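Worksheet: one structure, shown below.
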Amino acid sequence: MLQRLAVLVCAAGLTVACGQSDAGITTAVKSKLAADDTVKAYQIDVDTDKRVVTLAGDVQTTVAKDQALKLARETDGVRDVVDKLRVTETAPTTGMLDRGNDKPDSRDVDIDADKKAKATGESAGRKTAEAAGKAGAVVTDAALTSAVKSKLLADPDVSGLKIDVDTTNGVVTLRGDVSTKAEANEAVRLARTTEGVRDVVSKLRVRG
């Protein structure tokens, strides 16, 4: 009964306490990264321990790295962020923006800081999309994770904050605690009916 009451409280929008659990913070950070145009093309691992978030993985630009750290720091409940991100070689466009003595295009010289960040992110995104299958899978998986998570959060019959979503090669895995079997079935249905999902693996636990 108490667990059902807690679910109702979260569903009603009083999510401060629920959202500040380590699992809730991890899910919130992953959703923000997957939805952001600058960083969604990269596979960034998110771990949370006592509200301290650790980001690990490879990104192609310092802009993407800074944006990922910023998104994590601005997530509700996050106490600190540990940076384990590695910056690989950036696209040629980035180097042209940064080197003022190598005859850069005049349009690059004149654009402001915000436009520089946007141009860098778009260049990295194009490079990733044009790369061989692995990069394409990363983009698709991140988009699917974001889409499924959004559907779970929007459904009043599902405790979206308590369900962690991971996607690999189009296969979505759901983890977390739910109140009833019906809630678990609804979460699986929402994930399975998301466009682009190939299969759904349910590791949900019913805590009635």
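Below, the figures for the structure above:
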{"item": "Zero-based 10 Å bins, Cα pair distances in region 155-208, whole percents", "result": "27, 58, 15, 0"}
{"item": "Karplus (6.51, -1.76, 1.60) ³J(HN,Hα), θ = phi - 60°, over region 72-84, in Hz, Gly and Pro reported as x", "result": "5, 5, 8, 6, 4, x, 6, 8, 7, 10, 9, 9, 10"}
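Read the figures in this text as sums done on the coordinates, not as results from a lab. The model shown is predicted, which means the values in this text are computed figures rather than measured ones.
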